[in-house]
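Quick notes on the structure that follows.
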Amino acid sequence: MLNVVLFGPPGAGKGTQAVNLIEKYKLVHLSTGDILRGELAAKSPLGLEAKKFMDKGELVPDEVVIGMIEGKIDQQAGAKGFIFDGFPRTKAQAGALDKMLSKKNTAISIMVALEVEKQELVNRLMGRGKVSGRADDQDINVIENRIAVYNRETAPVIDYYSAQGKFKPVNGMGTIDEIFGRLCGEIDKV
Ligand code: B4P
C-alpha cells in the first residue's frame, strides 16, 4: 500500500493538492477537516462538539478525531492506499495512526510537508473566506490563532516522521501545477 501524510500549515494547499494526488495515485482521500465539516453540516452531536473548537481555530480533541478516522479506515477494506490530509495534527494522533495501520499490516510510506510563507497563508485563507462561507476563514484573529496552534501543536509531528526517515519537505510556494510536480517527485521515489 502507498500511504501518504500530506502535511502543512493551514492554507498550505493540502486540500487543493490532495484532489490531484488521489486521481494520479488512485488512493482514498481522508481529510479530517472535510469529515468534521460534513458532521457539522449534518448537525450531528460530533459536529456540534467540533464546531466549538473549529470556529476558534483550535484543534478538535485527539480522542474525537482518532475515533473518527479509525472508523473511516475500517470502511475502506480494498483500498490501494490513503492520503491523510490534515491528519495527524499532534504527536498523539501520529502514534495512534501508526497503531491503526500496523493492525492492517501496513504503515505510512512518506510524509510530504508543504512549506509556505506566513503572509501567503493569510492571503490564501482570507481569499477563500470570501467565497467558502467558512467561519474559520473569515476572521483574521482566528486565522492567526490557527497558524499559532499549528506552530505549537502540529509542527512537532515533523520530528515524529523525521525520526522514522519519512519526512520530505516540499516548497509550497508557486502555482498549483508546479507544487503538484514537486510532490509527485518525492512520492515517486518511495
Ligand atoms: P482543514 O480542513 O484541514 O483546513 P486547512 O488547514 O485550512 O487546510 P485546507 O486543506 O482546507 O486548505 P488548503 O491549504 O488546501 O482544518 C480545518 C479545522 O478542522 C482545523 O482548524 C481544526 O479545528 C479542525 N481539524 C481538522 N483536522 C483536525 C485534526 N486532525 N485534529 C484536530 N482538529 C482538526 O487551501 C487554502 C486556500 O489556498 C484555498 O482557497 C486554495 O484555493 C488556496 N491555494 C491552494 N494552493 C494555492 C496556490 N499554490 N496558490 C494560491 N492559492 C492556493
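Odds and ends about this structure:
- Residues of the stretch 39-57 that are on the phi < 0 side of the Ramachandran plot, surrounded by 13 or more Cβ atoms within 10 Å (Cβ to Cβ) and either under 16 Å from the mean Cα position of the chain (by Cα) or free of Cβ contacts under 8 Å to residues at least 60 places away in the same chain (or both): GLU39, LEU40, LEU46, GLY47, GLU49, ALA50, LYS51, PHE53, MET54.
- Taking residues in the stretch 166-181 that are more than 13 Å from ARG124 (Cα to Cα) and in contact (Cβ under 8 Å) with a residue 24 or more places away in the chain, and partners anywhere that are within 12 Å of the ligand (Cβ to nearest atom) and hydrophobic (A, V, I, L, M, F, W, C), the pairs with Cβ atoms closer than 6 Å and at least 6 places apart or on different chains are VAL170/LEU114; VAL170/LEU183.
- Residues (open to solvent by less than 10 Å² (accessible area, probe 1.4 Å) and not in a loop (DSSP other than H, G, I, E, B)) located in the stretch 1-29: ASN3, VAL4, VAL5, LEU6, PHE7, GLN17, ALA18, LEU21
- Criterion violated by ILE35 - all others in (1) within 10 Å of the ligand (Cβ to nearest atom); (2) surrounded by fewer than 18 Cβ atoms within 10 Å (Cβ to Cβ) satisfied: (2)
- Scan of the stretch 124-140 for residues that are free of Cβ contacts under 8 Å to residues at least 60 places away in the same chain and assigned to a helix (DSSP H, G or I), ordered by number: MET126, GLY127, GLY129, LYS130, VAL131, SER132, ASP137, ILE140
- Search result, residues across the stretch 157-174 that are over 17 Å from the mean Cα position of the chain (by Cα) and either under 19 Å from PRO10 (Cβ atoms) or open to solvent by 70 Å² or more (accessible area, probe 1.4 Å) (or both): ALA163, GLN164, MET173, GLY174
The values are calculated or read from the model by the stated rules, or taken from the named source; none is laboratory data. Just so we're clear, the structure is a prediction, and the values are computed from it rather than from any experiment. Neighbour counts are summed over all protein chains in view; Cβ atoms, including those assigned to glycine, are modelled from backbone coordinates with ideal geometry. Side chains are part of the model used for accessible areas, which takes the heavy atoms of the whole protein and leaves out ligands, DNA and RNA. Shrake-Rupley method; radii C 1.70, N 1.55, O 1.52, S 1.80 Å.
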